[in-house]
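Reading through the structure tokens given below for one structure.
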Amino acid sequence: MDFKNQVVDALSAVLKDELSADQIKGLIEVPKTSELGDFAFPTFMLAKTRHMAPIKIAAEIADQLDSSNFSKVVATGAYVNFFLAQTTFAQQVLADIAQQGADYGKQNLGSGNVPIDMSSPNIAKPMSMGHLRSTVIGNSIAKILTKVGYSPIKINHLGDWGTQFGKLIVAYKKWGSEEAVKADPITNLLHYYVRFHKEAETQPELDDEARAWFKKLEDGDPEAHELWSWFRGASLKEFKRIYDILGVKFDSFNGEAFYNDKMDKVIDELNDKHLLKESRGAEVVDLSKYDLNPALIRKSDGASLYMTRDLAAAIYRHDEYNFTQSLYVVGMEQTEHFKQLKAVLLEMGHDWANDIHHIPFGLITANGKKLSTRKGNVILLEKVLGEAVELAKTQIAEKHPDLQNADQVAEDVGVGAVVFHDLKSERVDNFDFNLEDVVRFEGETGPYVQYTNARANSILTKASAKADASVVLDDDSAWDVLKLLADFPATVARAAREYEPSVIAKYALRLAKGFNQYYAHTKILVEDAQLPARLALVQSVSTVLTESLNLLGVRAPKEM
Ligand code: ARG
């Protein structure tokens, strides 16, 4: 049941000649504290037409309105304040959650395939914190969109093609060793790559060699292809270790290389539509009418580019998945690139480009400093996750020394802490990373939410009765928790509309806090007639906290 709509209906009956239901809905506010009511309607905008003071209007509306669905309706200053009938509300919310379980909050806001371009690290380079952000944000958006009716397709658009592979092949053939690459592929491939750039400063002919090797690779030369495929496989194996730790799965690993044989068609189409222009030896699409720099499509040596591969990928995804929207979870620094991508597609006459959305995110700093890819963050990343798990282990040992599967729980908590921390601030915000803060059991952390959920579960295990949502809960101190529970579906909808996992993370923190306050004031396990109703509340809190964490890609241990 939508309680806000009850308020809208009651107001509409009185105001039908002045405001539409939608206008009324848009004006309704939620008061800061429950003492002021559950919904409030401001009357200022009626003052002009009615030639009356807002205070008088509020009093008049409160008087005329049918209040039988509410516990009371009162005018306070310029506002009409609505107090919901708490017991009816409680019964409805708890029955809904008991009945729907993990499906509570599921709704139909749309449908169809939604490819999500996410993670997308570069072969032979360490996975950066930026790629971690893309991975966990994309994963959570996929879960949220599933909950509201869409079918996401998680695509890892690996950076596995481009002139850098020519350089890598030259460097490997000159200075590399098979054993070194086998032992630690990413570190050593990165070494070769860095060395290549150094030596090329004094030996420019190296660049020509690299170009020649990339050309061979693009033309399918077996030796080039074999080396490339080896580097790719070895790097991917390293990345997959991290995906396993995070519990993230992909539907496709079609990276840039996958589009190698699909780019000629794009270039032909651009030519047919007379969109390619010559600029300093390269071929570009002019985008001045979009206020954008020209999009570089083909270099003077004929080699393809990041943009060309993205054009081929966008068209492929459209043809293959017939998407209703197509998302790219990529750092904010590539905003211009995605604007250009959409603009070129629109120039080609592909109106569906309007369904492409770049979902940008900000930078992570560590203790105030920008993180650098060059310093081997793949190790850093695994190290961070490993340290988080160790920290969780210590805390669990203190709080719950006889916990059964302590290692698994420590993993859930440590990894969950890092993921939750990433998702709790708004996507576009930059944030600083400090491990101690991230793994705290108190404060605005993932472990705090997980711990609250485990606490709710332990109450249920200890209880002598069974939860029963049909027993009417008449308990003032549960009111804030009940309203938060009722708010979950709307919260999921907002997170989906805004592609914003932080909406869910912040909600989970509010619910956990609300429940802990309730728990501090109320003796839940007292054996009285209300016990089954209070247990239904506890059960609902656990269901909704678990599902919130699940939408973030964070596990919710039953005990910790
Ligand atoms: N590999 C790129 C990078 O690390 C990200 C790719 C994003 N996806 C895309 N379709 N362009 O910067």
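The values are calculated or read from the model by the stated rules, or taken from the named source; none is laboratory data. All of these numbers come straight from a predicted model, not from anything done at the bench. Don't worry about glycine lacking a Cβ; one is built from the backbone with ideal geometry, like all the others, and counts go over all protein chains shown.
Quick notes
- Among the candidates 21, 78, 10, 40, residue that is aliphatic (A, V, I, L, M), surrounded by fewer than 18 Cβ atoms within 10 Å (Cβ to Cβ) and not assigned by TED's automatic domain parsing to the domain that holds residue 480: 21
- Restricting the search to helices (runs of 4 or more DSSP H) fully inside the stretch 53-169 and requiring at least 1 residues that are away from the ligand (no atom under 14 Å from the Cβ) and either closer than 28 Å to residue 184 by Cβ or at pLDDT below 95 (or both) gives 86-100, 129-147.
- Selection count where residues are in contact with a Gly (Cβ under 9 Å, 6 or more places away or on another chain) and either on the phi > 0 side of the Ramachandran plot or of a type in the set (Asp, Glu) (or both), scope the stretch 398-431: 2
- Subset tally (residues that are without any contact (Cβ under 8 Å) to a residue 40 or more places away in the chain and either part of a loop (DSSP other than H, G, I, E, B) or in contact with a Gly (Cβ under 9 Å, 6 or more places away or on another chain) (or both)) for the stretch 432-465: 5
- Filter pass, residue 295 being small (Gly, Ala, Ser) and within 26 Å of the chain's Cα centre (by Cα): no
- Residue in the stretch 466-475 that is buried (at least 17 other Cβ atoms within 10 Å of the Cβ), in a helix (DSSP H, G or I) and at pLDDT 95 or above present: no
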